[in-house]
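Single-structure report; data block below.
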Amino acid sequence: MEGTSTFPLPSTTDHVRYTDGVLTLDGLALDGLVADVGTPAYVYSLDVMAAAMERARAAFAPLGGQVSYSVKVNSNQAVLARMVRLGAGFDVVSGGELSRVLAVGGDPARTTFAGVGKTDEELALAVRHDVLVNIESADECEALNRVAAALGRRVRCGIRVNPGVTVDTLAPMQTGSAKAKFGLPATEARALLDACLAGRYPQLSLLGVHMHVGSQVPEPSGMVRAAEVLLDLLEYAQQRGLDEFRRFDLGGGFPIDYGGPAVPTVEEFAAALTPLLGGRRDLDVYLEPGRSIAGPAGVLVAQVLYRKHRPGQRMLVLDTGMHHLIRPALYRTDVHRILPVLAGPSAGPTVVVGPVCESTDTFAESAELPDLAPGDLVAFMDAGAYGMVMASHYNTNRKPPEIVVENGAARVARPREQWSSLFASERP
Ligand SMILES: Cc1ncc(COP(=O)(O)O)c(C=O)c1O
(Lines give C-alpha, C1' and ligand atoms only; values in the text may rest on other atoms or scores of the structure.)
Protein backbone atom coordinates (compact mmCIF):
# COMPACT_ATOMS: atom_id res chain seq x y z
CA MET A 1 0.00 0.00 0.00
CA GLU A 2 1.21 3.44 -0.83
CA GLY A 3 0.28 7.02 -0.05
CA THR A 4 -1.29 8.28 3.13
CA SER A 5 -4.06 5.72 3.56
CA THR A 6 -4.97 4.29 6.89
CA PHE A 7 -6.96 1.54 5.17
CA PRO A 8 -4.90 -1.63 4.55
CA LEU A 9 -5.87 -3.77 1.58
CA PRO A 10 -5.51 -7.57 1.62
CA SER A 11 -3.61 -9.36 -1.09
CA THR A 12 -6.72 -10.30 -3.09
CA THR A 13 -7.07 -6.66 -4.02
CA ASP A 14 -3.51 -5.68 -4.76
CA HIS A 15 -4.72 -4.13 -7.98
CA VAL A 16 -6.83 -1.70 -5.91
CA ARG A 17 -4.49 0.49 -3.90
CA TYR A 18 -3.79 4.03 -2.82
CA THR A 19 -1.26 5.94 -4.87
CA ASP A 20 -0.44 9.43 -3.65
CA GLY A 21 -3.57 9.31 -1.52
CA VAL A 22 -5.96 8.39 -4.34
CA LEU A 23 -7.55 4.97 -4.68
CA THR A 24 -6.54 3.39 -7.98
CA LEU A 25 -7.54 0.29 -9.92
CA ASP A 26 -4.82 -1.18 -12.12
CA GLY A 27 -2.94 2.06 -11.56
CA LEU A 28 -5.78 4.32 -12.75
CA ALA A 29 -7.28 6.76 -10.26
CA LEU A 30 -10.91 5.90 -9.55
CA ASP A 31 -12.05 9.53 -9.44
CA GLY A 32 -10.68 10.02 -12.95
CA LEU A 33 -12.18 6.74 -14.15
CA VAL A 34 -15.71 7.82 -13.26
CA ALA A 35 -15.30 11.49 -14.16
CA ASP A 36 -17.10 11.20 -17.51
CA VAL A 37 -19.85 8.73 -16.67
CA GLY A 38 -20.47 9.97 -13.12
CA THR A 39 -21.49 7.89 -10.15
CA PRO A 40 -22.51 5.33 -9.21
CA ALA A 41 -20.43 3.20 -11.59
CA TYR A 42 -19.03 -0.31 -11.59
CA VAL A 43 -15.38 -0.57 -12.61
CA TYR A 44 -13.80 -3.95 -13.43
CA SER A 45 -10.25 -4.99 -14.23
CA LEU A 46 -10.48 -7.55 -17.02
CA ASP A 47 -6.82 -8.37 -16.52
CA VAL A 48 -7.46 -9.34 -12.91
CA MET A 49 -10.34 -11.58 -14.00
CA ALA A 50 -8.08 -13.19 -16.60
CA ALA A 51 -5.35 -13.71 -14.00
CA ALA A 52 -7.83 -15.37 -11.64
CA MET A 53 -8.96 -17.66 -14.45
CA GLU A 54 -5.37 -18.63 -15.23
CA ARG A 55 -4.73 -19.24 -11.57
CA ALA A 56 -7.72 -21.60 -11.28
CA ARG A 57 -6.53 -23.42 -14.40
CA ALA A 58 -3.01 -23.79 -13.07
CA ALA A 59 -4.25 -24.99 -9.67
CA PHE A 60 -6.39 -27.73 -11.22
CA ALA A 61 -4.07 -28.58 -14.12
CA PRO A 62 -2.52 -31.55 -12.26
CA LEU A 63 -6.05 -33.00 -12.05
CA GLY A 64 -6.66 -32.31 -15.74
CA GLY A 65 -9.28 -29.73 -14.71
CA GLN A 66 -10.97 -27.62 -17.37
CA VAL A 67 -12.34 -24.30 -16.18
CA SER A 68 -15.58 -22.66 -17.26
CA TYR A 69 -16.69 -19.20 -16.21
CA SER A 70 -19.95 -18.97 -14.28
CA VAL A 71 -21.79 -16.34 -16.29
CA LYS A 72 -24.28 -15.50 -13.56
CA VAL A 73 -21.77 -13.55 -11.48
CA ASN A 74 -20.95 -10.91 -14.09
CA SER A 75 -22.37 -11.23 -17.57
CA ASN A 76 -21.26 -7.99 -19.20
CA GLN A 77 -20.32 -8.70 -22.80
CA ALA A 78 -16.85 -7.20 -22.30
CA VAL A 79 -16.20 -9.72 -19.52
CA LEU A 80 -17.53 -12.62 -21.58
CA ALA A 81 -15.48 -11.51 -24.61
CA ARG A 82 -12.33 -11.60 -22.51
CA MET A 83 -13.24 -15.11 -21.33
CA VAL A 84 -13.74 -16.16 -24.96
CA ARG A 85 -10.26 -14.87 -25.79
CA LEU A 86 -8.93 -16.93 -22.88
CA GLY A 87 -10.56 -20.01 -24.37
CA ALA A 88 -12.80 -20.52 -21.33
CA GLY A 89 -15.94 -22.59 -21.30
CA PHE A 90 -19.13 -21.09 -19.82
CA ASP A 91 -21.74 -22.20 -17.34
CA VAL A 92 -25.14 -20.57 -17.85
CA VAL A 93 -28.38 -20.79 -15.90
CA SER A 94 -30.90 -19.27 -18.32
CA GLY A 95 -31.71 -18.82 -21.98
CA GLY A 96 -30.74 -15.19 -21.56
CA GLU A 97 -27.26 -16.07 -20.32
CA LEU A 98 -26.87 -18.61 -23.10
CA SER A 99 -27.88 -15.95 -25.64
CA ARG A 100 -25.23 -13.63 -24.20
CA VAL A 101 -22.54 -16.30 -24.56
CA LEU A 102 -23.57 -17.10 -28.13
CA ALA A 103 -23.69 -13.40 -29.05
CA VAL A 104 -20.12 -12.88 -27.95
CA GLY A 105 -18.79 -15.94 -29.79
CA GLY A 106 -18.54 -18.36 -26.85
CA ASP A 107 -18.13 -22.00 -27.83
CA PRO A 108 -21.49 -23.75 -27.28
CA ALA A 109 -19.71 -27.12 -27.27
CA ARG A 110 -17.93 -25.98 -24.11
CA THR A 111 -20.97 -24.36 -22.54
CA THR A 112 -23.06 -26.06 -19.87
CA PHE A 113 -26.58 -25.23 -18.78
CA ALA A 114 -27.51 -25.58 -15.08
CA GLY A 115 -30.64 -24.63 -13.17
CA VAL A 116 -33.64 -26.19 -11.45
CA GLY A 117 -36.33 -24.74 -13.68
CA LYS A 118 -35.39 -24.71 -17.36
CA THR A 119 -38.31 -24.02 -19.69
CA ASP A 120 -38.97 -25.84 -22.98
CA GLU A 121 -37.90 -22.70 -24.82
CA GLU A 122 -34.58 -22.67 -22.97
CA LEU A 123 -34.04 -26.41 -23.44
CA ALA A 124 -34.70 -26.05 -27.17
CA LEU A 125 -32.13 -23.26 -27.44
CA ALA A 126 -29.58 -25.48 -25.67
CA VAL A 127 -30.39 -28.50 -27.85
CA ARG A 128 -30.15 -26.50 -31.09
CA HIS A 129 -26.68 -25.29 -30.11
CA ASP A 130 -25.45 -28.62 -28.75
CA VAL A 131 -24.99 -27.20 -25.25
CA LEU A 132 -24.57 -29.77 -22.49
CA VAL A 133 -27.53 -29.72 -20.10
CA ASN A 134 -27.04 -30.59 -16.45
CA ILE A 135 -30.38 -32.12 -15.54
CA GLU A 136 -31.93 -31.78 -12.11
CA SER A 137 -34.95 -34.09 -12.04
CA ALA A 138 -36.63 -37.03 -13.77
CA ASP A 139 -39.30 -34.63 -15.02
CA GLU A 140 -36.63 -32.50 -16.64
CA CYS A 141 -35.30 -35.63 -18.38
CA GLU A 142 -38.76 -36.23 -19.81
CA ALA A 143 -39.01 -32.62 -20.95
CA LEU A 144 -35.53 -32.58 -22.48
CA ASN A 145 -36.09 -35.88 -24.24
CA ARG A 146 -39.37 -34.58 -25.69
CA VAL A 147 -37.85 -31.24 -26.79
CA ALA A 148 -34.83 -32.97 -28.37
CA ALA A 149 -37.04 -35.52 -30.16
CA ALA A 150 -39.17 -32.71 -31.60
CA LEU A 151 -35.99 -31.15 -32.98
CA GLY A 152 -34.67 -34.49 -34.21
CA ARG A 153 -31.50 -34.11 -32.13
CA ARG A 154 -29.62 -35.93 -29.42
CA VAL A 155 -28.47 -33.88 -26.43
CA ARG A 156 -25.43 -34.22 -24.19
CA CYS A 157 -26.31 -34.30 -20.48
CA GLY A 158 -24.84 -34.40 -17.03
CA ILE A 159 -26.67 -35.23 -13.81
CA ARG A 160 -26.65 -32.52 -11.15
CA VAL A 161 -26.31 -34.50 -7.97
CA ASN A 162 -27.48 -33.36 -4.58
CA PRO A 163 -24.75 -34.94 -2.45
CA GLY A 164 -26.52 -34.27 0.85
CA VAL A 165 -23.55 -32.29 2.13
CA THR A 166 -23.95 -29.08 4.10
CA VAL A 167 -20.98 -26.78 3.72
CA ASP A 168 -20.28 -24.20 6.36
CA THR A 169 -21.22 -21.14 4.34
CA LEU A 170 -24.23 -18.94 5.06
CA ALA A 171 -27.52 -20.86 4.81
CA PRO A 172 -28.82 -19.03 1.71
CA MET A 173 -25.63 -19.96 -0.12
CA GLN A 174 -25.72 -23.68 0.75
CA THR A 175 -26.80 -25.66 -2.28
CA GLY A 176 -25.64 -29.21 -1.56
CA SER A 177 -27.60 -30.06 1.58
CA ALA A 178 -30.24 -32.78 1.43
CA LYS A 179 -33.04 -30.22 1.77
CA ALA A 180 -31.73 -27.90 -0.95
CA LYS A 181 -33.76 -27.62 -4.12
CA PHE A 182 -30.73 -28.36 -6.28
CA GLY A 183 -29.86 -31.64 -7.94
CA LEU A 184 -30.97 -35.24 -7.59
CA PRO A 185 -30.15 -37.27 -4.48
CA ALA A 186 -27.73 -40.10 -5.29
CA THR A 187 -30.44 -42.80 -5.11
CA GLU A 188 -32.63 -40.93 -7.60
CA ALA A 189 -29.63 -40.28 -9.79
CA ARG A 190 -28.96 -44.04 -9.93
CA ALA A 191 -32.58 -44.71 -10.83
CA LEU A 192 -32.28 -42.17 -13.60
CA LEU A 193 -29.16 -43.83 -14.91
CA ASP A 194 -30.96 -47.19 -14.89
CA ALA A 195 -33.92 -45.67 -16.75
CA CYS A 196 -31.55 -44.26 -19.31
CA LEU A 197 -29.80 -47.59 -19.76
CA ALA A 198 -33.21 -49.20 -20.20
CA GLY A 199 -33.79 -46.86 -23.14
CA ARG A 200 -36.34 -44.55 -21.55
CA TYR A 201 -34.68 -41.34 -22.81
CA PRO A 202 -33.38 -42.20 -26.28
CA GLN A 203 -32.42 -38.60 -27.13
CA LEU A 204 -30.17 -38.13 -24.10
CA SER A 205 -26.45 -38.97 -23.99
CA LEU A 206 -25.53 -39.09 -20.31
CA LEU A 207 -21.92 -38.03 -19.98
CA GLY A 208 -21.27 -37.49 -16.29
CA VAL A 209 -22.02 -35.87 -12.97
CA HIS A 210 -22.22 -32.29 -11.76
CA MET A 211 -22.36 -30.64 -8.35
CA HIS A 212 -22.20 -27.21 -6.79
CA VAL A 213 -22.29 -27.35 -3.02
CA GLY A 214 -22.44 -23.64 -2.28
CA SER A 215 -20.80 -20.29 -2.70
CA GLN A 216 -18.07 -18.68 -0.63
CA VAL A 217 -17.29 -22.16 0.72
CA PRO A 218 -15.00 -21.56 3.71
CA GLU A 219 -12.95 -24.78 3.58
CA PRO A 220 -12.58 -27.73 1.20
CA SER A 221 -13.75 -30.74 3.24
CA GLY A 222 -17.42 -30.42 2.21
CA MET A 223 -16.43 -30.32 -1.43
CA VAL A 224 -14.33 -33.45 -0.94
CA ARG A 225 -17.21 -35.30 0.76
CA ALA A 226 -19.55 -34.31 -2.04
CA ALA A 227 -17.03 -35.43 -4.66
CA GLU A 228 -16.96 -38.86 -2.99
CA VAL A 229 -20.71 -39.17 -3.52
CA LEU A 230 -20.29 -38.23 -7.18
CA LEU A 231 -17.44 -40.65 -7.65
CA ASP A 232 -19.65 -43.51 -6.44
CA LEU A 233 -22.19 -42.59 -9.05
CA LEU A 234 -19.62 -42.32 -11.80
CA GLU A 235 -18.31 -45.77 -10.96
CA TYR A 236 -21.88 -47.14 -10.84
CA ALA A 237 -22.48 -45.83 -14.38
CA GLN A 238 -19.18 -47.08 -15.74
CA GLN A 239 -19.71 -50.55 -14.23
CA ARG A 240 -22.95 -50.70 -16.19
CA GLY A 241 -21.12 -50.11 -19.43
CA LEU A 242 -21.55 -46.35 -19.79
CA ASP A 243 -17.90 -45.86 -20.75
CA GLU A 244 -18.42 -42.31 -21.99
CA PHE A 245 -19.77 -41.31 -18.55
CA ARG A 246 -16.59 -39.40 -17.58
CA ARG A 247 -17.50 -35.78 -16.81
CA PHE A 248 -16.84 -34.82 -13.22
CA ASP A 249 -17.98 -31.23 -12.76
CA LEU A 250 -17.15 -29.81 -9.32
CA GLY A 251 -19.07 -26.54 -9.81
CA GLY A 252 -17.84 -23.32 -8.25
CA GLY A 253 -17.84 -21.96 -4.73
CA PHE A 254 -14.21 -20.91 -4.19
CA PRO A 255 -14.17 -18.14 -1.60
CA ILE A 256 -12.71 -14.65 -1.77
CA ASP A 257 -11.35 -12.44 0.95
CA TYR A 258 -13.84 -9.71 1.81
CA GLY A 259 -11.50 -8.46 4.49
CA GLY A 260 -12.83 -10.84 7.16
CA PRO A 261 -11.38 -14.18 8.26
CA ALA A 262 -8.74 -15.67 5.97
CA VAL A 263 -10.10 -18.02 3.31
CA PRO A 264 -8.38 -20.99 1.65
CA THR A 265 -6.89 -20.50 -1.81
CA VAL A 266 -7.98 -22.28 -4.97
CA GLU A 267 -4.68 -24.19 -4.77
CA GLU A 268 -5.67 -25.49 -1.34
CA PHE A 269 -9.00 -26.71 -2.73
CA ALA A 270 -7.17 -28.50 -5.55
CA ALA A 271 -4.74 -30.07 -3.07
CA ALA A 272 -7.61 -31.30 -0.88
CA LEU A 273 -9.28 -32.96 -3.88
CA THR A 274 -6.09 -34.56 -5.19
CA PRO A 275 -6.12 -37.72 -3.04
CA LEU A 276 -9.59 -38.49 -4.41
CA LEU A 277 -9.25 -37.39 -8.03
CA GLY A 278 -5.52 -37.37 -8.78
CA GLY A 279 -4.28 -39.85 -11.36
CA ARG A 280 -7.73 -41.10 -12.36
CA ARG A 281 -7.90 -41.85 -16.06
CA ASP A 282 -11.60 -42.68 -16.03
CA LEU A 283 -12.82 -39.12 -15.48
CA ASP A 284 -12.50 -35.59 -16.83
CA VAL A 285 -12.56 -32.88 -14.17
CA TYR A 286 -14.39 -29.60 -14.78
CA LEU A 287 -15.01 -26.58 -12.59
CA GLU A 288 -17.07 -23.44 -12.98
CA PRO A 289 -15.96 -20.69 -10.59
CA GLY A 290 -17.60 -17.29 -10.65
CA ARG A 291 -17.07 -15.20 -7.55
CA SER A 292 -13.34 -16.02 -7.34
CA ILE A 293 -12.86 -14.91 -10.96
CA ALA A 294 -14.84 -11.68 -11.04
CA GLY A 295 -15.39 -10.62 -7.43
CA PRO A 296 -12.05 -9.11 -6.44
CA ALA A 297 -11.63 -7.56 -9.90
CA GLY A 298 -14.43 -5.03 -9.47
CA VAL A 299 -15.42 -2.03 -7.40
CA LEU A 300 -18.56 0.06 -7.22
CA VAL A 301 -17.78 3.75 -7.00
CA ALA A 302 -20.43 5.93 -5.39
CA GLN A 303 -20.81 9.46 -4.16
CA VAL A 304 -21.86 10.85 -0.82
CA LEU A 305 -25.12 12.75 -1.27
CA TYR A 306 -25.84 13.85 2.27
CA ARG A 307 -24.68 13.64 5.86
CA LYS A 308 -27.16 12.82 8.58
CA HIS A 309 -26.77 12.61 12.31
CA ARG A 310 -28.45 10.19 14.66
CA PRO A 311 -27.89 10.11 18.41
CA GLY A 312 -24.28 9.00 18.78
CA GLN A 313 -24.01 8.10 15.10
CA ARG A 314 -22.64 9.60 11.94
CA MET A 315 -24.56 8.63 8.83
CA LEU A 316 -23.81 9.01 5.14
CA VAL A 317 -26.42 8.75 2.39
CA LEU A 318 -24.95 7.53 -0.92
CA ASP A 319 -26.18 7.69 -4.50
CA THR A 320 -26.08 3.89 -4.64
CA GLY A 321 -28.05 1.36 -2.65
CA MET A 322 -29.56 -2.09 -2.55
CA HIS A 323 -30.90 -1.60 -6.08
CA HIS A 324 -27.30 -1.65 -7.34
CA LEU A 325 -25.60 -3.96 -4.84
CA ILE A 326 -28.24 -6.07 -3.14
CA ARG A 327 -26.41 -8.86 -1.37
CA PRO A 328 -25.58 -6.96 1.80
CA ALA A 329 -29.32 -6.26 2.21
CA LEU A 330 -30.42 -9.68 1.00
CA TYR A 331 -28.09 -11.88 2.98
CA ARG A 332 -26.51 -9.50 5.45
CA THR A 333 -23.31 -10.89 4.01
CA ASP A 334 -20.69 -10.30 1.34
CA VAL A 335 -19.98 -7.29 3.48
CA HIS A 336 -17.95 -5.16 1.17
CA ARG A 337 -15.31 -2.90 2.63
CA ILE A 338 -16.07 0.70 1.84
CA LEU A 339 -13.01 2.85 1.19
CA PRO A 340 -12.77 6.58 0.57
CA VAL A 341 -11.44 7.34 -2.90
CA LEU A 342 -9.33 10.10 -1.39
CA ALA A 343 -7.48 8.66 1.60
CA GLY A 344 -7.82 10.30 4.98
CA PRO A 345 -7.75 9.46 8.66
CA SER A 346 -10.79 7.71 10.06
CA ALA A 347 -13.35 9.96 11.75
CA GLY A 348 -14.92 7.01 13.51
CA PRO A 349 -17.65 4.48 12.82
CA THR A 350 -20.16 5.60 10.22
CA VAL A 351 -23.53 4.23 9.17
CA VAL A 352 -23.65 4.00 5.38
CA VAL A 353 -27.04 3.87 3.69
CA GLY A 354 -28.52 4.05 0.22
CA PRO A 355 -31.39 6.16 -1.12
CA VAL A 356 -33.98 3.36 -1.54
CA CYS A 357 -37.16 3.50 0.53
CA GLU A 358 -36.37 0.39 2.58
CA SER A 359 -34.67 0.24 5.94
CA THR A 360 -32.68 -2.76 4.72
CA ASP A 361 -30.96 -0.42 2.28
CA THR A 362 -28.03 -0.17 4.66
CA PHE A 363 -24.51 -1.11 3.65
CA ALA A 364 -22.68 -0.72 6.94
CA GLU A 365 -23.48 0.02 10.55
CA SER A 366 -19.95 1.06 11.47
CA ALA A 367 -17.65 1.68 8.53
CA GLU A 368 -14.38 3.38 9.41
CA LEU A 369 -14.43 6.36 7.09
CA PRO A 370 -12.94 9.84 7.08
CA ASP A 371 -15.11 12.89 7.64
CA LEU A 372 -16.72 12.77 4.21
CA ALA A 373 -18.92 15.49 2.77
CA PRO A 374 -21.41 15.65 -0.12
CA GLY A 375 -19.59 15.04 -3.41
CA ASP A 376 -16.89 12.83 -1.89
CA LEU A 377 -16.41 9.41 -3.47
CA VAL A 378 -16.28 5.99 -1.88
CA ALA A 379 -15.59 2.59 -3.39
CA PHE A 380 -17.11 -0.77 -2.48
CA MET A 381 -14.42 -3.43 -2.70
CA ASP A 382 -14.82 -6.88 -4.25
CA ALA A 383 -17.99 -5.94 -6.10
CA GLY A 384 -17.19 -7.57 -9.44
CA ALA A 385 -19.37 -10.64 -8.79
CA TYR A 386 -23.07 -10.77 -7.94
CA GLY A 387 -23.21 -6.95 -8.16
CA MET A 388 -24.50 -5.50 -11.41
CA VAL A 389 -26.14 -8.80 -12.42
CA MET A 390 -28.45 -8.51 -9.42
CA ALA A 391 -29.14 -4.79 -9.86
CA SER A 392 -32.76 -3.77 -10.33
CA HIS A 393 -34.81 -0.77 -11.35
CA TYR A 394 -36.58 -0.61 -8.00
CA ASN A 395 -37.97 2.86 -7.27
CA THR A 396 -37.53 3.36 -11.07
CA ASN A 397 -33.86 3.98 -10.61
CA ARG A 398 -31.30 3.51 -13.34
CA LYS A 399 -28.69 0.78 -13.12
CA PRO A 400 -25.08 1.97 -12.94
CA PRO A 401 -22.84 2.12 -15.98
CA GLU A 402 -19.99 -0.38 -16.22
CA ILE A 403 -16.40 0.58 -17.02
CA VAL A 404 -13.74 -2.00 -17.87
CA VAL A 405 -10.01 -1.57 -17.58
CA GLU A 406 -7.83 -3.69 -19.84
CA ASN A 407 -4.11 -3.33 -20.54
CA GLY A 408 -4.07 -0.06 -18.61
CA ALA A 409 -6.86 1.56 -20.68
CA ALA A 410 -10.44 2.17 -19.57
CA ARG A 411 -13.61 2.08 -21.65
CA VAL A 412 -17.34 2.21 -20.96
CA ALA A 413 -18.73 -1.30 -21.41
CA ARG A 414 -22.30 -0.25 -20.65
CA PRO A 415 -23.44 3.36 -20.49
CA ARG A 416 -25.79 4.78 -17.91
CA GLU A 417 -29.46 4.20 -18.75
CA GLN A 418 -31.88 7.00 -19.58
CA TRP A 419 -34.86 7.46 -17.28
CA SER A 420 -37.16 7.33 -20.31
CA SER A 421 -35.77 3.94 -21.35
CA LEU A 422 -36.93 2.47 -18.04
CA PHE A 423 -40.57 2.63 -19.11
CA ALA A 424 -40.29 2.96 -22.90
CA SER A 425 -41.71 -0.53 -23.52
CA GLU A 426 -44.76 -0.01 -21.27
CA ARG A 427 -48.25 0.69 -22.69
CA PRO A 428 -50.00 3.55 -20.90
C1 LIG B 1 -24.16 -24.40 -10.92
C2 LIG B 1 -23.28 -23.30 -10.45
N3 LIG B 1 -22.00 -23.28 -10.84
C4 LIG B 1 -21.16 -22.29 -10.45
C5 LIG B 1 -21.60 -21.26 -9.63
C6 LIG B 1 -20.62 -20.18 -9.24
O7 LIG B 1 -20.41 -20.18 -7.89
P8 LIG B 1 -19.31 -19.22 -7.24
O9 LIG B 1 -19.60 -17.84 -7.70
O10 LIG B 1 -19.49 -19.39 -5.79
O11 LIG B 1 -17.98 -19.70 -7.73
C12 LIG B 1 -22.93 -21.27 -9.18
C13 LIG B 1 -23.40 -20.23 -8.27
O14 LIG B 1 -24.48 -20.21 -7.76
C15 LIG B 1 -23.79 -22.30 -9.61
O16 LIG B 1 -25.06 -22.34 -9.24
Enter the accessible area of Thr396 (Å², nearest 10), with the probe set to 1.4 Å and all protein chains included. 80 Å²
Could you give the length gained by full extension between Thr19 and Ser425, i.e. 0.36 nm per residue of separation minus their alpha carbon distance, to one decimal place? 141.7 nm
The answer for Asp91, listing residues at least 5 apart or on another chain whose modeled amide H is closer than 5 Å to its amide H, is Tyr69, Ser70, Val71, Thr112
Long-range alpha-carbon pairs in the range 158-203, meaning those over 17 Å apart, account in percent for 41 percent
When you have a sec, figure out the Kirkwood radius of the chain from all distinct Cα pair distances and drop it here in Å to one decimal? 22.7 Å
Taking just the C-alpha trace of the range 46-290, give me its Rg and Dmax in Å. 17.0, 53
Accessible area per residue for the chain in Å², computed with a 1.4 Å probe and the full protein assembly in place, what is it? 40 Å²
Can you tell me the dipole magnitude for the chain around its Cα centre, using point charges on the Cβ only (Lys, Arg +1; Asp, Glu -1), in Debye to the nearest 20? 700 debye
Under the rule rounded for a/c under 1.5, else prolate if a/b exceeds b/c, else oblate, using alpha carbon gyration tensor axes a ≥ b ≥ c, the range 87-210 is classed as oblate
For a quick protection proxy, order the peptides 219-227, 408-416, 24-32, 292-300 by their average other-Cβ count within 10 Å, most packed first. 292-300, 219-227, 24-32, 408-416
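The values are calculated or read from the model by the stated rules, or taken from the named source; none is laboratory data. As the structure is a computational prediction, the values presented were derived from the model and not from experiment. Here Cβ is always computed from backbone atoms with ideal geometry, including for glycine, and neighbour counts include all displayed protein chains. Ligands, DNA and RNA are excluded from the accessible area calculation, which covers all protein heavy atoms including side chains. Shrake-Rupley method; radii C 1.70, N 1.55, O 1.52, S 1.80 Å.
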